[in-house]
Amino acid sequence: MSTLSPTATPASPLTDRPVETTRSWKLPIGYAVFTVLALVFFVLLHRTGTTTFRLANGGDFFALPDVPLAAGPTGYVVVVLLAIATVYAFVEVRAFRRVPLWVTSVFAIVFVVGFLTWAAAGAAVPLPGLLVGALGLSVPLVFGALGGVISERVGVVNIAIEGQFLAGAFTSALIASLTGSPWVGLVGALVAGVLVSFILAAFSIKYLVDQVIVGVVINAFISGLTGFLYSQVLSPNETTLNVGVRFPKIEIPLLHQIPVIGPVFFEQTVVVYLAYVAVAVVTFALFKTRWGLRLRAVGEHPQAADTVGINVTSTRFWNVSLAGAIAGLGGAYFTLDAVGPFTKDMTAGAGYIALAAVIFGRWDPIRATLAALLFGFASNLQNTLGAINSPVPSEFLLMLPYVVTIFAVAGLVGQSRGPAASGKPYIKS
């Protein structure tokens with residue numbers, strides 16, 4: 001016998017569309033805010049000139065032609081499309097129906113095209129390069145978001161993603177430098193992430209300490225510890241302990257020659273390919289396996305799970321450790337792929353952005369991955385616009401990723417409910 005939660009979405013008998021039993025106006029209001037911003041910037045403060053989107057890459061099967069878009073007319077078209085989507089969102093929510101994910105995705109793409117056309121008027125935007133950079137900045141966020149989803153689905157709020165990133169980055173850099181092998185460094189990052197998670201699990205699960213407080217303390221502790229070890233150990237011995245051993249890029253035959261998406265997705269390192277695998281495996285395992293069912297049961301109703309013979313404490317402990325291992329891979333990306341040598345606090349708050357991706361993605365691996373890609377794109381946008389000398393103020397570009405994060409979580413999440421027992425300690429009765 002099944003029951004419906006307050007936010008369940010039974011199908012409408014007339015349309016077979018999901019119907020909400022409660023409604024939230026946050027999503028259509030978020031649409032409206034972005035539509036007004038587009039009206040102000042793209043129309044009222046319109047710019048003259050043409051933005052050229054370059055799609056070709058040297059190794060493609062065939063070269064796609066450049067796409068020129070006039071800033072003025074494009075702005076009008078974008079505002080009209082956004083307004084239509086906004087009206088549609090209001091109508092759907094008013095009728096207690098959920099706005100499809102693809103509508104939000106198209107809305108975001110249209111807005112980004114309009115913004116790029118407006119901000120880069122008179123210049124050329126290398127689209128493959130923009131996307132390659134965006135994916136690179138998104139990879140650690142993807143690992144962190146997956147770790148956050150697993151941890152929160154099992155009932156433990158993982159604020160310590162930032163600490164797991166730093167531990168993974170430091171350990172992978174040190175071990176890879178000592179052994180000369182990035183593969184050994186990658187294993188070291190996994191172990192480091194697990195060890196940090198042991199601290200989180202021990203205090204929050206066994207000793208019932210507030211999970212948010214434990215996570216914040218862990219982040220501060222790991223930041224101080226890695227900073228101290230960097231200045232006292234790595235920095236004086238950079239030639240032996242902080243060399244910067246990195247994975248080489250691997251081109252997937254034929255696939256890397258597909259225009260636009262080939263160089264973005266199929267000319268990457270092992271760590272990036274592991275991110276693809278991790279997303280697929282976590283998604284399948286979470287919703288299609290016995291392990292995933294037990295994990296979600298513990299995060300939703302630990303008392304019921306305990307009643308049917310599931311060891312709640314053990315399930316939480318080991319899955320929080322697994323989440324830490326995945327987040328540790330995100331830390332390894334910084335030193336084994338993107339940067340090389342370890343530097344103090346090199347993750348720069350990426351763990352908190354990954355946590356925002358978990359919330360924005362509604363505790364779903366695919367949605368959280370899309371959110372991570374969005375935040376990575378926003379981070380790389382400042383680099384691209386700065387490179388083409390866009391008149392957009394540099395201060396705005398620097399805060400752009402964080403502004404997008406705030407808007408996304410506060411305005412575009414809509415009504416969402418995390419796992420019912422997330423953040424709540426379980427005391428066996």
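The values are calculated or read from the model by the stated rules, or taken from the named source; none is laboratory data. This structure is a prediction, so every number in the text was calculated from the model and none was measured. Cβ coordinates were reconstructed from backbone atoms using ideal geometry, including for glycine residues, and neighbour counts include every protein chain displayed.
The table that follows gives values for the structure above.
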read-out	value
Those residues of region 244-282 which are out of contact with any Leu (no Cβ under 9 Å at 6 or more places or on another chain), at pLDDT 90 or above and more than 30 Å from T179 (Cα to Cα), in sequence order	A280
Only one of V209, V194 that is within 22 Å of N311 (Cα to Cα) and without any contact (Cβ under 8 Å) to a residue 24 or more places away in the chain	V209
Qualifying residues in region 121-132 (those that are surrounded by 20 or more Cβ atoms within 10 Å (Cβ to Cβ) and either among the acidic types (D, E) or touching a Gly at 6+ places or on another chain (Cβ under 9 Å) (or both)) - the one farthest from L64 (Cα to Cα)	A121
Filter result for L174 (farther than 21 Å from T239 by Cα and assigned to a helix (DSSP H, G or I))	no
Flag if T179 is hydroxyl-bearing (S, T, Y), more than 20 Å from V282 (Cα to Cα) and buried (at least 24 other Cβ atoms within 10 Å of the Cβ)	no
Members of region 335-372 that are crowded, with 24+ Cβ neighbours inside 10 Å and over 15 Å from the mean Cα position of the chain (by Cα)	T335, L336, F342
Top-ranked residue of region 214-250 - restricted to ones that are among the polar types (S, T, N, Q) and surrounded by 14 or more Cβ atoms within 10 Å (Cβ to Cβ), ranked as farthest from the chain's Cα centre (by Cα)	S235
Residues that are of a type in the set (F, W, Y), out of contact with any helix residue (DSSP H, G or I) (no Cβ under 8 Å at 6 or more places or on another chain) and not in a loop (DSSP other than H, G, I, E, B), drawn from region 203-248	F228
Region 249-260, residues that are part of a helix (DSSP H, G or I) and in contact (Cβ under 8 Å) with a residue 60 or more places away in the chain	H256, Q257
Residue in region 357-372 that is modelled with pLDDT of 85 or more and within 30 Å of S177 (Cβ to Cβ) present	yes
Residue, nearest to N319 (Cα to Cα), within region 189-200, restricted to residues that are in contact with a Ser or Thr (Cβ under 7 Å, 6 or more places away or on another chain) and surrounded by 24 or more Cβ atoms within 10 Å (Cβ to Cβ)	S197
Residue in region 146-158 that is out of contact with any His (no Cβ under 6 Å at 6 or more places or on another chain) and surrounded by fewer than 21 Cβ atoms within 10 Å (Cβ to Cβ) present	no
Candidate set: region 29-84, residues that are under 29 Å from the mean Cα position of the chain (by Cα) and among the charged types (D, E, K, R); chosen: the one modelled with the highest pLDDT	R54
Residue within region 137-157 that is closer than 18 Å to A357 by Cα and acidic (D, E) present	yes
Filter result (at pLDDT 90 or above and farther than 18 Å from W318 by Cα) within region 201-217	V212, I213, V216, V217
